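Structure first, commentary second.
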Amino acid sequence: MKRIVLFASGSGSNVENIIRFFKDRPEITVSCVLSNKRDARVLDRCAALDVSAIYFNRHAFYHSDTVLDFLRSQKPDLIVLAGFLWKVPENLVEHFPDKIINIHPALLPKYGGKGMYGSRVHQAVKENQERETGITIHYVNEAYDEGAIIEQVRIPISPEDGVDDIARKVHELEYKHFPRVIAGLLSQD
Ligand code: GRF
């Protein structure tokens with residue numbers, strides 16, 4: 001049995017999609033979801049789906065071993081950031097080499113880095129009149145959005161597409177491809 005731990009900060013629609021995808025697959029399970037936002041919608045989604053979810057604060061993450069110790073106890077095969085907005089501290093990255101992945105809602109290295117999240121990304125893509133955007137699934141290292149790329153999927157944008165249209169298209173790509181890529185990584189070892 002392979003175990004996934006998910007991190008999320010907000011709505012958690014990707015978390016829900018991933019949980020549903022693996023629900024009927026006995027070889028892979030989502031063991032727990034962690035959130036740094038006490039009132040994040042992702043926590044309600046987990047409750048409705050009967051999946052354990054835990055809130056942690058800045059001190060637990062950056063200034064103690066609380067989150068690290070908890071993760072160790074979970075023995076995750078993969079740690080998946082799905083809309084998680086805090087930078088992962090070095091001690092976690094060092095502890096779980098090649099085991100932490102993230103999804104970014106654009107084609108990195110474009111539109112990445114600190115402050116580039118949510119609709120800000122799609123806004124920038126629109127302002128630059130890009131003809132395409134997409135998703136990037138990558139390993140997490142000490143720098144924001146700079147870890148090795150695992151997979152990118154592209155989608156065309158038309159000039160008529162507004163920021164919301166771009167966001168919707170990208171979310172659809174995420175729902176379609178993120179669980180598949182996770183399953184692929186877990187079937188490798
Ligand atoms: C997604 O677009 C993901 O790429 C980004 O944060 C967003 C999370 O959306 N990292 P949701 O909370 O899963 O709806």
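A few points about this structure:
- Our summary gives the chain a relative contact order of 19 percent, counting only alpha carbon pairs under 8 angstrom and 6 or more residues apart.
- Scanning residues 5 or more positions from LYS2 or on other chains, those with amide H under 5 Å from its amide H are ILE28, THR29, with H placed 1.01 Å from N in the peptide plane.
- The stretch 59-147 - convex hull of alpha carbons, volume per residue in Å³: 88 Å³
- Gap separating the Cα centres of the stretch 2-21 and the stretch 46-95, nearest whole Å: 12 Å
- J(HN,Hα) series, the stretch 147-153, from Karplus relation 6.51 cos²θ - 1.76 cosθ + 1.60, nearest Hz, glycine and proline x: x, 4, 7, 8, 7, 10, 10
- Panel note: the C-alpha atoms of the stretch 145-189, placed on their principal axes, show extents of 44, 22, 14 Å (largest first).
- Relative contact order (%) - the stretch 9-99, alpha-carbon pairs under 8 angstrom, separation at least six: 29 percent
- Scaled against the 2.2 N^0.38 Å expected of a compact globular protein of N residues, the Cα radius of gyration of the stretch 93-142 reads 1.28.
- Amide H to amide H, with H built 1.01 Å from N, ALA53 comes under 5 Å of VAL33, counting only residues 5 or more places away or on other chains.
- For q = 0.17 Å⁻¹, Debye-computed log10 I/I(0) when each Cα of the chain counts as one equal scatterer: -1.13
- In the chain, taking the dipole from charged Cβ atoms about the Cα centre, the farthest positive-side position among GLY162, PRO26, PHE84 is held by PRO26.
- The three principal axes of the C-alpha atoms in the stretch 1-82 carry coordinate ranges of 37, 26, 17 Å, sorted with the longest axis first.
Throughout, read-outs are computed from the coordinates displayed, never taken from laboratory work. Here the structure is a predicted model, which means the values were calculated and not measured. FYI the Cβ positions are ideal-geometry reconstructions off the backbone, even for glycines, and counts take in every protein chain you see.
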